[in-house]
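Student: I am attaching a structure below and will ask some questions about it afterwards.
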């Protein structure tokens with residue numbers, strides 16, 4: 001008799017473990033094999049089958065915009081997650097000096113007050129180019145992002161100061177990226193952010 005209860009316990013525990021595994025997989029996703037190949041650089045190259053044209057507001061056509069937005073989405077997620085973890089080393093080459101200093105100061109202020117930011121990036125709902133223009137030899141592209149993020153800030157005693165670790169919130173950001181028109185460097189820099 002006792003043996004049958006042990007088997008039922010094992011079966012119940014296995015079902016609970018399976019349920020938890022499926023929930024975690026649904027929330028966190030699964031590794032697709034491409035994660036390690038993802039570069040922190042935010043490059044924008046034109047298709048190789050056509051000759052490269054000088055980068056300006058006229059050559060920034062629909063294909064170029066589509067390629068740019070793909071890179072901008074990767075850069076957005078990478079920068080957001082790096083900032084929330086307090087480690088900007090991997091994204092420094094994507095940030096204008098002024099933006100890097102602002103982010104670095106915010107991280108230092110957070111650390112000195114003993115606060116911890118916990119962020120889970122769910123995904124980008126939409127990304128749309130609002131404007132692109134030539135500014136003194138630089139092409140500047142302004143993008144509006146709508147993303148879904150779970151975030152909260154806790155104090156040194158693990159007390160929640162802001163946000164909700166169980167609630168997904170929509171975040172609206174407007175970021176401007178810049179690239180020197182005649183530069184051979186394919187990377188764009190984040191030059192301004194607006195929430």
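The values are calculated or read from the model by the stated rules, or taken from the named source; none is laboratory data. Predicted model only: the values in this text are computed from it and were never measured. Here Cβ is always computed from backbone atoms with ideal geometry, including for glycine, and neighbour counts include all displayed protein chains.
Student: For the range 123-152, which residues satisfy the criterion of being surrounded by fewer than 17 Cβ atoms within 10 Å (Cβ to Cβ) and farther than 19 Å from residue 67 by Cβ?
Tutor: Of everything in the range 123-152, those that are surrounded by fewer than 17 Cβ atoms within 10 Å (Cβ to Cβ) and farther than 19 Å from residue 67 by Cβ turn out to be 123, 125, 135, 136, 137, 146, 148.
Student: If you take the residues of the range 103-122 that are assigned to a helix (DSSP H, G or I) and in contact (Cβ under 8 Å) with a residue 12 or more places away in the chain, which of them is surrounded by the most Cβ atoms within 10 Å (Cβ to Cβ)?
Tutor: Of all residues in the range 103-122, those assigned to a helix (DSSP H, G or I) come to 103-112.
So of that shortlist, the ones also in contact (Cβ under 8 Å) with a residue 12 or more places away in the chain come out as 103-104, 106-107, 110-111.
On the way: 103: 20, 104: 15, 106: 13, 107: 18, 110: 16, 111: 12.
By that ranking, first place goes to 103.
Student: Here's a follow-up. Would you call residue 27 under 21 Å from residue 173 (Cα atoms), modelled with pLDDT of 65 or more and either under 17 Å from the mean Cα position of the chain (by Cα) or surrounded by 15 or more Cβ atoms within 10 Å (Cβ to Cβ) (or both)?
Tutor: Numbers: under 21 Å from residue 173 (Cα atoms): no; modelled with pLDDT of 65 or more: yes; either under 17 Å from the mean Cα position of the chain (by Cα) or surrounded by 15 or more Cβ atoms within 10 Å (Cβ to Cβ) (or both): yes.
The answer is no for residue 27.
Student: Going through 141, 99 one at a time, which residue ends up being under 14 Å from residue 189 (Cα atoms), assigned to a helix (DSSP H, G or I), in contact (Cβ under 8 Å) with a residue 60 or more places away in the chain and over 14 Å from the mean Cα position of the chain (by Cα)? Break it down stepwise before answering.
Tutor: On the way: 141 fails: assigned to a helix (DSSP H, G or I).
After applying the criteria, what remains is 99.
Student: Can you name every one of the strands (runs of 3 or more DSSP E) wholly within the range 149-195 that holds 3 or more residues which are under 17 Å from residue 99 (Cβ atoms)? Write out each step before concluding.
Tutor: On the way: elements: 160-163, 169-180, 189-194.
Of the strands (runs of 3 or more DSSP E) lying wholly inside the range 149-195, those with at least 3 residues that are under 17 Å from residue 99 (Cβ atoms) span 169-180, 189-194.
Student: Residue 19: at pLDDT below 70 and surrounded by 10 or more Cβ atoms within 10 Å (Cβ to Cβ), yes or no?
Tutor: Values: at pLDDT below 70: no; surrounded by 10 or more Cβ atoms within 10 Å (Cβ to Cβ): yes.
For residue 19, the condition - at pLDDT below 70 and surrounded by 10 or more Cβ atoms within 10 Å (Cβ to Cβ) - is not met.
Student: Just wondering, is there one or more residues in the range 78-93 that are under 13 Å from the mean Cα position of the chain (by Cα), touching a residue at least 12 places away in the same chain (Cβ under 8 Å) and part of a loop (DSSP other than H, G, I, E, B)?
Tutor: yes
Student: Would you say residue 166 is in contact with a strand residue (DSSP E or B) (Cβ under 9 Å, 6 or more places away or on another chain), surrounded by fewer than 13 Cβ atoms within 10 Å (Cβ to Cβ) and modelled with pLDDT under 95?
Tutor: Values: in contact with a strand residue (DSSP E or B) (Cβ under 9 Å, 6 or more places away or on another chain): yes; surrounded by fewer than 13 Cβ atoms within 10 Å (Cβ to Cβ): yes; modelled with pLDDT under 95: yes.
For residue 166, the condition - in contact with a strand residue (DSSP E or B) (Cβ under 9 Å, 6 or more places away or on another chain), surrounded by fewer than 13 Cβ atoms within 10 Å (Cβ to Cβ) and modelled with pLDDT under 95 - is met.
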